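A.B. asks: The structure follows.
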Amino acid sequence: MKSFVHVKGHPVHPALIPFPFAFLPGALLFDVGSLWLARPLWAITGYHLLQLGILAGLAAAVPGALDFFRRVPPNSSGRNRALRHGVLNVAAIAMFVIVCALRRNGFVTPTTLALELLGVLTLFYSGSLGGVLVTRNLISVDHRHANAGKWREERFSGPPGQPLVVGHADDLKEDQMKLLIVNGQRIVLARLKRGFAAFDDGCTHRGGSLADGVCIAGCVQCLWHGSQFDCTTGEVRNGPAKKKLRVYEVKQYQGDVLLVSPPG
Ligand code: FES
């Protein structure tokens, strides 16, 4: 789904990542070169690259953390992957900060070099997890397939069991969906050929966001592994999911769409 932090639709986190990925391994190369080729001044360049890399890593972490909290579906395999990605990045930056602190005079020792190498390897592994978050979990992917509409997310709260106005009948075109966060619960509102349907956002396979999926002819498909569900009954039409989706009652009244508010 579309990144939470973006500039005119362009995600910010992936745009900032190349900087720490250039500076920090670059610092390691200069530091190795300073020892290997006996060029002590190269270590000064390595030290400055290290400082720049830490700052760039912290700058990239801010939109990354916001995307984690606001975009990655909770209780999903993607959430676990994103958590590992974030924790490893923090660990890598902490290692580089320690290296900086140990190198007050700017020069390299075997200990700082070993820690720097470990930091770079951690960064590479964590970066590969970040890549999977985009390519497999579709975090930051802004779908533009036919009739998809723009990503929409709205928050509501109301007394449980009571109808709640969650939109207007012509907010969505046929086969378009939007994510409702009702009393903290993620629910998808989908417009079908006849009327509306509402169901849990979390795919019952591994928690992919169905609001980020594709709705066609009364059926919603999860884009993580392809499970398909009937929008009205929640029944599984195609696996790998085995468990049906929870569905919610939706009514239309004088042009408004009403959802019976679930418990908070
Ligand atoms: S998470 Fe696997 S099909 Fe939805």
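A.B. asks: Kindly sort Lys244, Lys150 by accessible area of their heavy atoms, largest first, with the probe set to 1.4 Å.
C.D. replies: These residues rank, largest area first, as Lys150, Lys244.
A.B. asks: Report, in debye and to the nearest 20, how large the dipole of the chain comes out about its Cα centre when Lys and Arg carry +1 and Asp and Glu carry -1 on their Cβ.
C.D. replies: For the chain, the charge dipole is close to 240 debye.
A.B. asks: Of Arg103, Arg71, Arg246, which has the most accessible area with a 1.4 Å probe, and how do the rest follow in descending order?
C.D. replies: Largest accessible area first, the list is Arg246, Arg71, Arg103.
A.B. asks: Still on this structure, I have one more. Report, by chain and number, residues whose modeled amide H sits under 5 Å from the one on Ile139, excluding near sequence neighbours (fewer than 5 apart, same chain).
C.D. replies: Amide H neighbours of Ile139: Val134.
A.B. asks: Calculate, in whole percent, how much of the Cα-Cα pair population of region 143-264 lies beyond 22 Å.
C.D. replies: 27 percent
A.B. asks: Shifting gears a bit: Considering only protein heavy atoms, what is the solvent-accessible area of Lys243 at a probe of 1.4 Å, reported in Å² to the nearest 10?
C.D. replies: Per-residue accessible area (Lys243): approximately 140 Å².
A.B. asks: Okay, moving on. What accessible area, in Å² to the nearest ten, does a 1.4 Å probe give for Leu41?
C.D. replies: It works out to around 130 Å².
A.B. asks: Projecting each Cα onto the charge dipole of region 62-202 (Lys/Arg +1, Asp/Glu -1 at the beta carbon, about the Cα centre), which of Phe124, Gly195, Pro163 comes out farthest on the positive side?
C.D. replies: Phe124
A.B. asks: Oh, and also: Restricting to DSSP H runs of at least four residues, report the calculated mean residue ellipticity at 222 nm for the chain, -39500 (n - 2.57) per run over all residues, nearest 500 deg cm²/dmol.
C.D. replies: -14000 deg cm²/dmol
A.B. asks: Can you list residues whose amide H is under 5 Å from Leu164's amide H, if they're 5+ apart or on another chain and H is modeled 1.01 Å from N?
C.D. replies: Leu259, Val260, Ser261
A.B. asks: Now a separate question. Rounded to whole Å and sorted largest first, list the principal axis extents of the Cα atoms in region 51-170.
C.D. replies: 67, 35, 24
A.B. asks: Determine the sum of side-chain charges near Tyr125: Lys and Arg each +1, Asp and Glu each -1, restricted to other residues whose C-beta is under 13 angstrom from that of Tyr125.
C.D. replies: So the environment of Tyr125 carries a net charge of +2.
A.B. asks: Further, regarding this structure: Using the structure shown, select from Lys150/Lys243; Lys8/Lys178; Lys2/Lys242; Lys173/Lys242; Lys178/Lys251 the pairs with a Cα to Cα distance greater than 25 angstrom.
C.D. replies: Exceeds cut-off: Lys150/Lys243; Lys2/Lys242; Lys173/Lys242.
A.B. asks: Arrange the peptides 205-215, 121-131 so that the one whose residues have, on average, the most other Cβ atoms within 10 Å appears first.
C.D. replies: The densest-packed peptide leads the list: 205-215, 121-131.
A.B. asks: Right, next: Which far-off residues, 5 or more places away or on another chain, put their amide H under 5 Å from the one on Cys231, with H placed in the peptide plane?
C.D. replies: Cys219, Val220
A.B. asks: To continue, here is another question. Based on alpha-carbon centroids, what's the gap between region 154-201 and region 42-111 in Å, whole number please?
C.D. replies: Cα centroid of region 154-201 versus Cα centroid of region 42-111: 39 Å apart.
A.B. asks: Using a 4.7 Å cut-off between beta carbons, which cysteines in the chain end up with no partner cysteine at all?
C.D. replies: That list is Cys100, Cys215, Cys219, Cys231.
A.B. asks: Quick one: 3J(HN,Hα) in Hz for region 220-230, Karplus 6.51/-1.76/1.60 with θ = phi - 60°, rounded, Gly and Pro as x.
C.D. replies: Once rounded to whole Hz, the list reads 10, 10, 7, 8, 6, 9, x, 4, 10, 10, 6.
A.B. asks: Related question: What number comes out for the charge environment of Thr204, summing +1 per Lys or Arg and -1 per Asp or Glu over other residues with Cβ under 10 Å away?
C.D. replies: +4
A.B. asks: Shifting gears a bit: Based on the alpha-carbon gyration tensor of the chain, what equivalent-ellipsoid semi-axes (square roots of 5 times the eigenvalues) come out, in whole Å, largest first?
C.D. replies: So the equivalent ellipsoid measures 48, 16, 15 Å along its semi-axes.
A.B. asks: Right, here's the next one. Just order 7-14, 175-182 by mean Cβ neighbour count inside 10 Å, highest at the front, would you?
C.D. replies: So the order, starting with the most tightly packed, is 175-182, 7-14.
A.B. asks: How many percent of the accessible area of region 26-169 is carbon or sulfur, using a 1.4 Å probe?
C.D. replies: 70 percent
A.B. asks: Here's a follow-up. If packing is taken as the average count of other Cβ atoms within 10 Å, what order do 55-61, 165-171, 191-197 fall into, highest mean first?
C.D. replies: 55-61, 191-197, 165-171
A.B. asks: Counting DSSP beta bridges with both partners in the chain, what percentage is antiparallel, nearest 5?
C.D. replies: Taking every DSSP beta bridge within the chain, about 90 percent pair in antiparallel fashion.
A.B. asks: Could you please put Glu153, Glu249 in sequence from largest to smallest accessible area, using a 1.4 Å probe?
C.D. replies: Most to least solvent-accessible, the answer reads Glu249, Glu153.
The values are calculated or read from the model by the stated rules, or taken from the named source; none is laboratory data. Keep in mind that what you see is a predicted model, and the values were worked out from it rather than measured. Glycine gets a Cβ as well: all are built from the backbone with ideal geometry, and neighbour counts include every protein chain shown. These accessible areas exclude ligands, DNA and RNA; they are computed on the full protein's heavy atoms, side chains included. Shrake-Rupley method; radii C 1.70, N 1.55, O 1.52, S 1.80 Å.
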